[in-house]
Amino acid sequence: SSFEACDFVLFGTKGDLSRRKLLPSMYQLEKAGLLHAETTIVGVARQTLSDEEYVEEVRKSLEEFSGETICEATWETFKARLSYAQVDMKEIASYSSLESHVNPDRVMVCYLATPPSIYGDICRGLHGCNIIDSSVRLVLEKPIGHDLESSKVINEQVAEYFGESQIYRIDHYLGKETVLNLIALRFANSIFTTNWDHNCIDHVQISVAESVGIEGRWGYFDDAGQMRDMVQNHLLQILSLVAMEPPANLDADSIRDEKLKVLKALRPINATNVNDVTVRGQYTSGFVKGKEVPGYLEEDDANTVSKTETFVAIKAEIDNWRWAGVPFYLRTGKRLPTKVSEVVIYFKRQPHNLFTASFNDLPPNKLVIRLQPDEGVEITVMNKVPGLTSSGAMDLQKSKLNLSFSEEFSDDRIPDAYEKLLLEVMLGNQALFVRRDEIEQAWTWVDSILAAWRNTNEPPEPYQAGTWGPVASIGLLARANRSWYESK
Ligand code: BG6
């Protein structure tokens, strides 16, 4: 990968994702000196807009969403890169307006921040206008499909014009610092590398809790549900990174090959076991962080008979040598008490307890990898309480070895996931992007669960907004004498 100039063409530049995330991230890269001096940014949308008006709009987005006061010196450089091209994305002829914006001698990056239903049209249009060659990189946003079949249709449409080595499928969790750190933690520390299997680990928990509801996205969300919106992509990506074998090196395909193997080893969930190993919920009205919020069926534009799930808990099993008998419990939901994502590794208990005088049941060590917020890594250990006792018995206490990112790296701002991913696209490194076979394998597993749910014809279990989901989710672990990790 190398640092070279590119033309960054942003389809759907007026959309929510562009305004909230992509443009502010490009601005941050500018500020950090990570945009090549000759790189340009071309906004593309259907509306008529002059370059000046576009620059104004971008400025407004930055003010609204960058979360900081705009640095005028940075803005001057940034603004000089911007131009606007009007394209009716369904009209092949209309793509010729891009020609004057891009330089055929430079790499062109096309970011499709549009509904996936028009990916095919955009690829055809780009192909028709003679500006693409094999150096073009295409960035695709999720959702790639609604199920395996529809994701294949989209992937096929794109594959007609672009090779896999040109396609960068986004899962923004792969751009999060702490998610990337899973690779460093696992493979740069022998203490973890040598203890990372069924001999030492009892089970793993992956929780991605959100306090938000569906934020006015009813139309999208009700069709998708938490399973497609979060599990199919983000949770399965985290699971793959936690569970994969050591890759031969850090090349894109070395990593993606190993992740794919994990997805292939996931034990299928279908009508025979779905009730034992999954829980789905839908929130009712309640209080989140002290604020009263409506139930899912009472949201604006709600379909009051919807059976869409806003909470999912799954006991996943990976049928391979390393993880035999080690469940991976996944949990994610909207309108939970707080926003927190973490991976918790529960190590096996000690085979024998020497300390029955102070601890009847010696708790297991836990490795808590906190993905967001308050990023950090924590290990719980048993420690002797210092001091003398009249009985002479050793008093033990559960304590923490705690690495907090904000303390350890206090000078460093943690970049947004999109900053990292945009930079990687411009560097031409596909390691943090999802390959077609991974997406399709993930859909295969998810489709089977969704089908089993549909067949039961039952609605999801209600849970009050501001709680940790339906009680059945507690039962899922309690049956095996386990419980969900309680975040601080
Ligand atoms: C998106 C989902 O992919 O991820 C949203 O579509 C969800 O529903 C979001 O809220 C969560 O991302 P983050 O970065 O806030 O954890």
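Any chance you could count how many residues in the range 351-374 are polar (S, T, N, Q), over 19 Å from G392 (Cα atoms) and at pLDDT below 95?
Residues of the range 351-374 polar (S, T, N, Q): 353, 356, 358, 360, 365, 372.
Filter again for over 19 Å from G392 (Cα atoms), leaving 365, 372.
Subsequent filtering for residues that are at pLDDT below 95 retains 372.
The total comes to 1.
Residue check, P462 against (1) surrounded by fewer than 20 Cβ atoms within 10 Å (Cβ to Cβ); (2) farther than 30 Å from P363 by Cα; (3) under 24 Å from the mean Cα position of the chain (by Cα), all met but one. Which one?
Of (1) surrounded by fewer than 20 Cβ atoms within 10 Å (Cβ to Cβ); (2) farther than 30 Å from P363 by Cα; (3) under 24 Å from the mean Cα position of the chain (by Cα), only one is false for P462: (3).
Kindly provide the set of residues from the range 446-466 that are part of a loop (DSSP other than H, G, I, E, B), within 19 Å of M227 (Cα to Cα) and not charged (D, E, K, R), ordered by number. Show your work before the answer.
Step one: list which residues in the range 446-466 are part of a loop (DSSP other than H, G, I, E, B), which gives 457-460, 465-466.
In the following step, the residues that additionally are within 19 Å of M227 (Cα to Cα) were identified as 457-460, 465.
Result: N457, P459, P460, A465.
Among residues belonging to the range 175-203 that are within 16 Å of the ligand (Cβ to nearest atom) and touching a Phe, Trp or Tyr at 6+ places or on another chain (Cβ under 7 Å), point out the one that is farthest from A417 (Cα to Cα). Before you say what the answer is, go through the steps one by one.
We begin by selecting, within the range 175-203, every residue within 16 Å of the ligand (Cβ to nearest atom); these are 175-182.
With the extra rule that they be touching a Phe, Trp or Tyr at 6+ places or on another chain (Cβ under 7 Å), the set shrinks to 175, 179.
Numbers: G175: 4, V179: 10 Å.
Of everything passing the filter in the range 175-203, V179 is farthest from A417 (Cα to Cα).
Cβ-Cβ below 8 Å, separation at least six or inter-chain, first residue in the range 217-234 and of a type in the set (V, I, T), second near the ligand (Cβ under 10 Å from one of its atoms): which pairs?
Final answer for the pair search is V231/T332.
Could you please tell me which pairs satisfy a Cβ distance under 7 Å, a separation of 6+ or placement on different chains, a first residue in the range 202-214 that is outside any strand (DSSP E or B) and at pLDDT 95 or above, and a second residue that is polar (S, T, N, Q) and within 13 Å of the ligand (Cβ to nearest atom)?
S211/T338
Out of (1) charged (D, E, K, R); (2) crowded, with 21+ Cβ neighbours inside 10 Å; (3) without any contact (Cβ under 8 Å) to a residue 24 or more places away in the chain, what's the single condition that is false for D7?
(3) is the only condition that D7 fails.
Cβ-Cβ distance below 8 Å, separation of 6 or more or different chains: which pairs start in the range 352-373 with a residue that is under 18 Å from I191 (Cβ atoms) and end on one that is at pLDDT 90 or above and within 16 Å of the ligand (Cβ to nearest atom)?
Final answer for the pair search is V368/E342; V368/V343; I369/T178; I369/N181; I369/L182; I369/E342; I369/V343.
Limited to the range 305-329, what total is found for residues that are closer than 15 Å to A480 by Cβ and either in a strand (DSSP E or B) or of a type in the set (A, V, I, L, M, F, W, C) (or both)? Walk me through how you get there before you give the answer.
Taking the range 305-329 and keeping what is closer than 15 Å to A480 by Cβ, we get 313-317, 325-329.
The next check asks that each one be either in a strand (DSSP E or B) or of a type in the set (A, V, I, L, M, F, W, C) (or both); those that pass are 313-316, 326, 328-329.
Result for the range 305-329: 7.
If only one of E30, E72, E64 is in contact with a helix residue (DSSP H, G or I) (Cβ under 9 Å, 6 or more places away or on another chain) and farther than 18 Å from A113 by Cβ, which one is it? Write out each step before concluding.
Details: E72 fails: in contact with a helix residue (DSSP H, G or I) (Cβ under 9 Å, 6 or more places away or on another chain); E64 fails: farther than 18 Å from A113 by Cβ.
Selected residue: E30, the only one of E30, E72, E64 that is in contact with a helix residue (DSSP H, G or I) (Cβ under 9 Å, 6 or more places away or on another chain) and farther than 18 Å from A113 by Cβ.
Return only the number of the condition from (1) in contact with an Asp or Glu (Cβ under 9 Å, 6 or more places away or on another chain); (2) not in a strand (DSSP E or B) that L371 does not satisfy.
(2)
Quick one: which strands (runs of 3 or more DSSP E) lie wholly within the range 5-96 and hold at least 3 residues that are in contact with a Cys (Cβ under 9 Å, 6 or more places away or on another chain)? It would help to see each step written out before you state the result.
On the way: elements: 6-11, 40-45, 82-86.
Where strands (runs of 3 or more DSSP E) fall fully within the range 5-96 and carry at least 3 residues being in contact with a Cys (Cβ under 9 Å, 6 or more places away or on another chain), they are 6-11.
When you go through (1) out of contact with any strand residue (DSSP E or B) (no Cβ under 8 Å at 6 or more places or on another chain); (2) surrounded by fewer than 20 Cβ atoms within 10 Å (Cβ to Cβ) one by one for G175, which number turns out not to apply?
Against the list (1) out of contact with any strand residue (DSSP E or B) (no Cβ under 8 Å at 6 or more places or on another chain); (2) surrounded by fewer than 20 Cβ atoms within 10 Å (Cβ to Cβ), G175 comes up short only on (2).
Does S406 meet the test of being outside any strand (DSSP E or B), more than 16 Å from the ligand (Cβ to nearest atom) and touching a residue at least 12 places away in the same chain (Cβ under 8 Å)? Working first, answer last.
Numbers: outside any strand (DSSP E or B): yes; more than 16 Å from the ligand (Cβ to nearest atom): yes; touching a residue at least 12 places away in the same chain (Cβ under 8 Å): yes.
Judged against the criteria, S406 is a match.
Just wondering, is there one or more residues in the range 66-77 that are out of contact with any Leu (no Cβ under 9 Å at 6 or more places or on another chain), modelled with pLDDT of 95 or more, on the phi < 0 side of the Ramachandran plot and of a type in the set (D, E)?
Scanning the range 66-77, I find at least one residue that is out of contact with any Leu (no Cβ under 9 Å at 6 or more places or on another chain), modelled with pLDDT of 95 or more, on the phi < 0 side of the Ramachandran plot and of a type in the set (D, E), so the answer is yes.
Please tell me if T310 is polar (S, T, N, Q) and touching a strand residue (DSSP E or B) at 6+ places or on another chain (Cβ under 8 Å). Walk me through how you get there before you give the answer.
Values: polar (S, T, N, Q): yes; touching a strand residue (DSSP E or B) at 6+ places or on another chain (Cβ under 8 Å): yes.
It is true that T310 is polar (S, T, N, Q) and touching a strand residue (DSSP E or B) at 6+ places or on another chain (Cβ under 8 Å).
Please find, within the range 427-445, the residue that is surrounded by the most Cβ atoms within 10 Å (Cβ to Cβ) out of those that are closer than 18 Å to M230 by Cα and polar (S, T, N, Q).
In this case the residue turns out to be Q441.
Looking at (1) farther than 19 Å from R137 by Cα; (2) under 29 Å from the mean Cα position of the chain (by Cα), which is the one condition that is false for W75?
Status for W75: all satisfied but (2).
Please verify whether L371 is of a type outside the set (G, A, S) and either surrounded by 17 or more Cβ atoms within 10 Å (Cβ to Cβ) or within 16 Å of the ligand (Cβ to nearest atom) (or both), treating the condition exactly as stated.
Working: of a type outside the set (G, A, S): yes; either surrounded by 17 or more Cβ atoms within 10 Å (Cβ to Cβ) or within 16 Å of the ligand (Cβ to nearest atom) (or both): yes.
Criteria met by L371.
This table checks each residue for (1) within 16 Å of the ligand (Cβ to nearest atom); (2) outside any strand (DSSP E or B); (3) among the basic types (K, R).
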| position | (1), (2), (3) |
| --- | --- |
| P337 | yes, yes, no |
| S341 | yes, no, no |
| Q350 | no, yes, no |
| P363 | no, yes, no |
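Here are the criteria: (1) within 9 Å of the ligand (Cβ to nearest atom); (2) at pLDDT below 95. Tell me which single one N233 does not satisfy.
Here N233 meets the rest and fails (2).
Give the number of residues within the range 204-224 that are within 16 Å of the ligand (Cβ to nearest atom), closer than 14 Å to R331 by Cα and not acidic (D, E). Working first, answer last.
The first filter runs over the range 204-224 and keeps only residues within 16 Å of the ligand (Cβ to nearest atom), leaving 206-224.
From the residues that got through so far, the ones that are closer than 14 Å to R331 by Cα too are 206-211.
Narrowing the set further to residues that are not acidic (D, E) leaves 206-209, 211.
Residues meeting the conditions: 5.
Pairs, please: C-beta under 6 Å, at least 6 apart or cross-chain, first residue buried (at least 19 other Cβ atoms within 10 Å of the Cβ) and in the range 136-157, second in a loop (DSSP other than H, G, I, E, B)?
From the range 136-157, the pairs are L138/F162; E141/A113; E141/I170; S151/I144; S151/G145; I154/I144; I154/G145.
Hey, among S100, S96, S83, which residue is surrounded by fewer than 20 Cβ atoms within 10 Å (Cβ to Cβ), away from the ligand (no atom under 16 Å from the Cβ) and at pLDDT 95 or above?
On the way: S100 fails: at pLDDT 95 or above; S96 fails: at pLDDT 95 or above.
Just one listed residue meets the conditions, S83.
The values are calculated or read from the model by the stated rules, or taken from the named source; none is laboratory data. All values derive from a computational prediction rather than experimental measurement. Reconstructed Cβ throughout: ideal geometry from the backbone, glycine too, with neighbour counts over all protein chains shown.
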